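Trainee: This structure is in structure tokens; I'll ask about it shortly.
The values are calculated or read from the model by the stated rules, or taken from the named source; none is laboratory data. In this text the structure is predicted, and so the values were computed from the model without any measurement. Please note: Cβ atoms are built from the backbone with ideal geometry, for glycine as well, and neighbour counts cover all protein chains shown. Quick note on the areas: whole protein, heavy atoms, side chains included, nothing else; ligands and nucleic acids left out. Shrake-Rupley method; radii C 1.70, N 1.55, O 1.52, S 1.80 Å.
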Amino acid sequence: MPQYGDLVILLSPRGKRRILRLEEGGDWHTQDGIIRMSSLVEAPFGSEVQSSLGVPFRMMRPQLHDLIMGIKRQTQIMYPKDMGLICLKLGVGAGRTILEAGSGSGGFTIALSWFSGPTGHVHTFEAREEFHKLARRNLAWAGVGSNVSLHLRDIAEGFGLDDPAILNGRKADALFLDVRTPWEYLDHALKALVPGAPMAFLLPTVDQVSRLLLALERGPFEDTEVCEILVRPWKPVPDRLRPADRMNAHTGFLVFTRHQERSPLWDEHLVLGTRERKQHAARLARLGLTEEETED
């Protein structure tokens, strides 16, 4: 049963969906009549409640997807389809410390808080005060954030490794960067992360991805991959099953990598095929190196 202060979803027969917070003595006015908050706290989730005009509304418990898509936004939207893979790749969970920059409207911060649980912790950084305040309000609205520290800070100053109010000398386990020029902050990131830490980036254009990849090639990073996630829904009609007319296509490029030191001994034991040798030679050319220099 919902309680006053909880968020609920009300769905009308016309398909209109609204997330509401239950307030004692409050009412929700619609074109289909008035719904009393007092009647909502007396009905279980998954049931129907009627308006003053006798129109039924389905009452549902908001899930993480609903919370993320329901927040107020002043920044570019980040979709749950991308958030899920990022959380898995970064290993977000119990006992882990995750860094995020920038906070934006706080949509992904909500997901990080949700998956981190009571023993995980998230440090999120935002340079613009209006977005910093919005992220804080959205976390409070979603009912999460007790495991989140929000910092109004430009990450050009670093991630606060030696700041008693931030990391206080304890390095983080993973990092997500959603900034325009992430290649400018790789040195700061390495200082704030434990050895071998995974990192993730979200970028909208191929030019930005190319610049980031060039920076990552200079090391010390390995296991780098680039992908995008496309979600194509199907019409759920058993006897006429077919793809829907529209789909969630490209929303951004995801780049994943891992901090990894590389030794000449490792390169010595690599077995490269024809294609790999050509790629290795091209990489050295991009970096302005020769085989002899890599062996030093």
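Trainee: With respect to the numbered conditions (1) in contact (Cβ under 8 Å) with a residue 60 or more places away in the chain; (2) aromatic (Phe, Trp, Tyr); (3) open to solvent by 60 Å² or more (accessible area, probe 1.4 Å), which one is the sole condition not fulfilled by Phe159?
Mentor: Every listed condition holds for Phe159 apart from (3).
Trainee: Which fully enclosed strands (runs of 3 or more DSSP E) of the range 120-190 have 2 or more residues being within 25 Å of Lys72 (Cα to Cα) and out of contact with any Leu (no Cβ under 7 Å at 6 or more places or on another chain)? Can you show your working first?
Mentor: Details: elements: 121-126, 148-152, 174-177.
Answer list for the range 120-190: 121-126, 148-152.
Trainee: Against the conditions (1) farther than 13 Å from Ala174 by Cβ; (2) surrounded by fewer than 21 Cβ atoms within 10 Å (Cβ to Cβ), where does Gly95 fall short? Just the number, please.
Mentor: Of (1) farther than 13 Å from Ala174 by Cβ; (2) surrounded by fewer than 21 Cβ atoms within 10 Å (Cβ to Cβ), only one is false for Gly95: (1).
Trainee: Kindly establish whether Leu85 is open to solvent by less than 70 Å² (accessible area, probe 1.4 Å) and either hydrophobic (A, V, I, L, M, F, W, C) or closer than 24 Å to Gly106 by Cβ (or both).
Mentor: Numbers: open to solvent by less than 70 Å² (accessible area, probe 1.4 Å): yes; either hydrophobic (A, V, I, L, M, F, W, C) or closer than 24 Å to Gly106 by Cβ (or both): yes.
The answer is yes for Leu85.
Trainee: Which of the following residues is closer than 28 Å to Phe125 by Cα and in contact with a His (Cβ under 6 Å, 6 or more places away or on another chain): Ala192, Ala197, Ala215? Give the derivation first.
Mentor: Values: Ala192 fails: in contact with a His (Cβ under 6 Å, 6 or more places away or on another chain); Ala215 fails: in contact with a His (Cβ under 6 Å, 6 or more places away or on another chain).
Matching residue, one of Ala192, Ala197, Ala215: Ala197.
Trainee: Continuing with the same structure: Any idea which residue in the range 20-48 is nearest to Ile71 (Cα to Cα), counting only those that are touching a Pro at 6+ places or on another chain (Cβ under 7 Å) and open to solvent by less than 40 Å² (accessible area, probe 1.4 Å)?
Mentor: Leu22
Trainee: Where the second residue is among the charged types (D, E, K, R) and in a loop (DSSP other than H, G, I, E, B) and the first is at pLDDT below 95 and open to solvent by 50 Å² or more (accessible area, probe 1.4 Å) and lies in the range 226-253, which pairs have Cβ atoms under 6 Å and are six or more apart or on separate chains?
Mentor: Partner pairs satisfying both residue conditions: Met247/Arg232; His250/Glu228.
Trainee: So Leu213 ticks every box in (1) under 18 Å from the mean Cα position of the chain (by Cα); (2) surrounded by fewer than 19 Cβ atoms within 10 Å (Cβ to Cβ); (3) of a type outside the set (Lys, Arg); (4) under 11 Å from Phe253 (Cβ atoms) but one. Which box is left unticked?
Mentor: That leaves (1) as the condition not met.
Trainee: Name the residue, out of Pro62, Pro56, Pro44, that is within 23 Å of the chain's Cα centre (by Cα) and modelled with pLDDT of 95 or more. Can you show your working first?
Mentor: Working: Pro56 fails: within 23 Å of the chain's Cα centre (by Cα); Pro44 fails: within 23 Å of the chain's Cα centre (by Cα).
Of Pro62, Pro56, Pro44, the one residue that is within 23 Å of the chain's Cα centre (by Cα) and modelled with pLDDT of 95 or more is Pro62.
Trainee: Looking at the structure I just gave you, is Ala142 out of contact with any Asp or Glu (no Cβ under 8 Å at 6 or more places or on another chain), over 30 Å from Val231 (Cα atoms) and surrounded by 19 or more Cβ atoms within 10 Å (Cβ to Cβ)?
Mentor: Details: out of contact with any Asp or Glu (no Cβ under 8 Å at 6 or more places or on another chain): yes; over 30 Å from Val231 (Cα atoms): no; surrounded by 19 or more Cβ atoms within 10 Å (Cβ to Cβ): yes.
It is false that Ala142 is out of contact with any Asp or Glu (no Cβ under 8 Å at 6 or more places or on another chain), over 30 Å from Val231 (Cα atoms) and surrounded by 19 or more Cβ atoms within 10 Å (Cβ to Cβ).
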